[in-house]
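J.: Right, I'll just put the structure down here and ask away after.
The values are calculated or read from the model by the stated rules, or taken from the named source; none is laboratory data. Keep in mind it's a predicted model, so treat the numbers as computed, not measured. Note that each Cβ is placed from the backbone with ideal geometry, even for glycine, and that neighbours are counted across all protein chains shown. Surface areas here come from the heavy atoms of the whole protein model, side chains and all, with no ligands, DNA or RNA. Shrake-Rupley method; radii C 1.70, N 1.55, O 1.52, S 1.80 Å.
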Number of protein chains: 2
Amino acid sequence: MTELEQYIKSYFGVVNADDLTTIVSLFNLTTIKKGDFLLKAGRRCDNLSFVQSGLLRMFISTDEKEITQWISTKGYFSTDLSSFVFETPSRLSIQALTDTEVYSITKADYKKIGELVPKWHELEKLFIVRCFIILEERIFSHLSMTAEERYDYFFENNRELFNQVPLQYIASMLGMTPETFSRIRKKQLL
Amino acid sequence: MTELEQYIKSYFGVVNADDLTTIVSLFNLTTIKKGDFLLKAGRRCDNLSFVQSGLLRMFISTDEKEITQWISTKGYFSTDLSSFVFETPSRLSIQALTDTEVYSITKADYKKIGELVPKWHELEKLFIVRCFIILEERIFSHLSMTAEERYDYFFENNRELFNQVPLQYIASMLGMTPETFSRIRKKQLL
DNA sequence: TTTTGCTCTTGACAAAAATCAAGAAATCAT
DNA sequence: ATGATTTCTTGATTTTTGTCAAGAGCAAAA
């Protein structure tokens, strides 16, 4: 069983082995060079991508700055959900922070899964509910925690990331400036 | 067509009129008195409720304070999604801010909808995707805006709410103290 | 009406976080 | 390896937001 199969199984709980093989066959492995874009804001996001190796940064550009929304590591799915589902122009850009291997599926092929696997929509629903809950949690962290508490919490759960990506992106993702991030970091190292 | 039918149609886009009638028949209208709880944290949330009239406040209690997560007005669905879907104890409490009429459906009856209406899981998925996108938007507001900007944005889109609920709850929902809220408010009135 | 709670406002002050600017450290490309 | 970028740190300062405390305004209850 490939890693993609394992991840799909653990996220969606697909039972039938044949279905799983069919689903995975609709994905294509591609490599994105460091700095290249998997998606540029304004375009329609026609892909759902699974990170096999490497790192992807999702961000939104405003007049003044880029806001990093999330960094996807191995095992994450990455897409602009709004654009992918409703076929609207995306607000997000997705850029590779290192050479990154992704398994991608087009919207057209993704639709086929729903036709092939009767239970798919239900499994998908449960998957999205889990994503929703993670976002709720994240909102709560902004309503109830200081920058330092958010740092600590994130650090405990994502240590690996801290020596793999530019820290400014993590700072942005946590809703603080690089300077504040750096000062909190210093404090925690003592 | 009842209002509940209309809202379900607009949120889920159910086509068949018979299906719609069946779905709505699974909901029960009840009234919650001002101050009473629709859900208490720690219990399992066995209901999905649709606000017909009145106001519900969803909040999470921490050691020091209550964090208002959301205020549901007429036309909103309200539940602890995590608890409702995965049948875990809820973190949220839901309390009526005024006498409130809700159409409620139990988890058991909700499951029946999926059996009765073949396309239901797909429609439900699309509904949850829309909810997901709203949360993404909200996170973005915390990553990129000041308290004042969040106030302005929320005020523009929810003026009605400002003279219907204690302002401290809106303040909490926007991630600021009542004092900060009050000062921003004063500024905007001039 | 008067009392009793809330809720909201205001001021003074403290703490947290942002900004600006400069320099150090790390990384990349040649 | 060397120079050029980019990223990170640090200090000084300002702005934003939170805390504490007191009082005003309102609304519900007696």
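J.: Select from region A:137-149 the residues that are open to solvent by 40 Å² or more (accessible area, probe 1.4 Å) and charged (D, E, K, R) and write down the one among them that is farthest from DNA strand C (Cβ to nearest atom). Talk me through it step by step, then tell me what you get.
T.: The initial filter retains those residues of region A:137-149 that are open to solvent by 40 Å² or more (accessible area, probe 1.4 Å), namely A:137, A:145-146, A:148-149.
Okay, now just the ones that are also charged (D, E, K, R), so A:137, A:148-149.
Numbers: A:E137: 18, A:E148: 5, A:E149: 8 Å.
Ranking the qualifying residues of region A:137-149, first place goes to A:E137.
J.: Also, quick follow-up: Might you check whether a residue that is within 13 Å of chain A (Cβ to nearest Cβ) and over 30 Å from A:H121 (Cβ atoms) occurs anywhere in region B:88-96? First the steps, then the outcome.
T.: Step one: filter region B:88-96 for residues within 13 Å of chain A (Cβ to nearest Cβ), giving B:88, B:90-92.
Remaining after also requiring over 30 Å from A:H121 (Cβ atoms): none.
No: region B:88-96 contains no residue that is within 13 Å of chain A (Cβ to nearest Cβ) and over 30 Å from A:H121 (Cβ atoms).
J.: Does at least one position in region A:11-25 carry a residue that is touching a strand residue (DSSP E or B) at 6+ places or on another chain (Cβ under 7 Å) and either away from chain B (no Cβ under 14 Å) or farther than 21 Å from A:S82 by Cα (or both)?
T.: No, because not a single residue in region A:11-25 is touching a strand residue (DSSP E or B) at 6+ places or on another chain (Cβ under 7 Å) and either away from chain B (no Cβ under 14 Å) or farther than 21 Å from A:S82 by Cα (or both).
J.: Hey, another quick one. Looking at region A:146-166, can you tell me whether even one residue there is part of a helix (DSSP H, G or I), within 12 Å of another protein chain (Cβ to nearest Cβ), away from DNA strand D (no atom under 12 Å from the Cβ) and not acidic (D, E)?
T.: From region A:146-166, those part of a helix (DSSP H, G or I) are A:147-157, A:159-163; that's our starting set.
Next, from what is left, pick out any that are within 12 Å of another protein chain (Cβ to nearest Cβ): A:147, A:149-150.
Cutting the leftovers down to away from DNA strand D (no atom under 12 Å from the Cβ) gives us A:150.
Subsequent filtering for residues that are not acidic (D, E) retains A:150.
The answer is yes, given that some residue of region A:146-166 is part of a helix (DSSP H, G or I), within 12 Å of another protein chain (Cβ to nearest Cβ), away from DNA strand D (no atom under 12 Å from the Cβ) and not acidic (D, E).
J.: If you go through region A:103-145 one residue at a time, how many are of a type in the set (A, V, I, L, M, F, W, C) and away from chain B (no Cβ under 11 Å)?
T.: Here is the first cut: in region A:103-145, the ones of a type in the set (A, V, I, L, M, F, W, C) are A:105, A:108, A:113, A:116-117, A:120, A:123, A:126-129, A:131-135, A:139-140, A:143, A:145.
Then drop every residue that is not away from chain B (no Cβ under 11 Å), which leaves A:105, A:108, A:113, A:116-117.
The number of residues fulfilling the criteria is 5.
J.: Spot the failing condition for A:T98; the list is (1) outside the structural domain of A:G54 (by TED's automatic domain parsing); (2) of a type in the set (S, T, N, Q); (3) within 16 Å of DNA strand C (Cβ to nearest atom), and only one is missed.
T.: Among (1) outside the structural domain of A:G54 (by TED's automatic domain parsing); (2) of a type in the set (S, T, N, Q); (3) within 16 Å of DNA strand C (Cβ to nearest atom), A:T98 violates only (1).
J.: Among the residues of region B:110-117, are any touching a residue at least 60 places away in the same chain (Cβ under 8 Å) and not aliphatic (A, V, I, L, M)? Spell out the reasoning first.
T.: Restricting attention to region B:110-117, the residues satisfying the condition of being touching a residue at least 60 places away in the same chain (Cβ under 8 Å) are B:110, B:112-113, B:116-117.
Filter again for not aliphatic (A, V, I, L, M), leaving B:110, B:112.
Within region B:110-117, one or more residues are touching a residue at least 60 places away in the same chain (Cβ under 8 Å) and not aliphatic (A, V, I, L, M).
J.: Moving to a separate point now. Can you name the residue in region B:168-184 that is touching a helix residue (DSSP H, G or I) at 6+ places or on another chain (Cβ under 6 Å), in a helix (DSSP H, G or I) and closer than 18 Å to B:S72 by Cβ and is also farthest from the other protein chains (Cβ to nearest Cβ) among such residues? Break it down into steps so the answer makes sense when it comes.
T.: Filtering region B:168-184 for residues touching a helix residue (DSSP H, G or I) at 6+ places or on another chain (Cβ under 6 Å) gives B:168, B:171, B:174-176, B:178, B:180-181, B:184.
If we keep only those that are in a helix (DSSP H, G or I) too, we end up with B:168, B:171, B:178, B:180-181, B:184.
Still in the running and closer than 18 Å to B:S72 by Cβ: B:168, B:171.
On the way: B:Q168: 13, B:A171: 10 Å.
Per the stated criteria, the residue is B:Q168.
J.: If B:R91 satisfies every condition in (1) touching a Leu at 6+ places or on another chain (Cβ under 8 Å); (2) away from DNA strand D (no atom under 16 Å from the Cβ); (3) closer than 23 Å to A:W70 by Cβ but one, which is the exception?
T.: Against the list (1) touching a Leu at 6+ places or on another chain (Cβ under 8 Å); (2) away from DNA strand D (no atom under 16 Å from the Cβ); (3) closer than 23 Å to A:W70 by Cβ, B:R91 comes up short only on (1).
J.: Any residue in region B:139-151 that is closer than 19 Å to B:K187 by Cβ sitting within a Cβ distance under 6 Å of a residue that is within 11 Å of DNA strand C (Cβ to nearest atom) and open to solvent by less than 30 Å² (accessible area, probe 1.4 Å)? List the pairs, counting only those 6 or more apart or interchain.
T.: From residues that are closer than 19 Å to B:K187 by Cβ, the pairs are B:E148/B:I184; B:Y151/B:I184.
J.: Any residue in region A:172-184 that is in contact (Cβ under 8 Å) with a residue 40 or more places away in the chain sitting within a Cβ distance under 9 Å of a residue that is in a loop (DSSP other than H, G, I, E, B) and surrounded by fewer than 20 Cβ atoms within 10 Å (Cβ to Cβ)? List the pairs, counting only those 6 or more apart or interchain.
T.: A:S172/A:K65
J.: Considering each of B:D109, B:D63 in turn, give the residue that is open to solvent by 10 Å² or more (accessible area, probe 1.4 Å) and at pLDDT below 95.
T.: Details: B:D109 fails: at pLDDT below 95.
The conditions single out B:D63.
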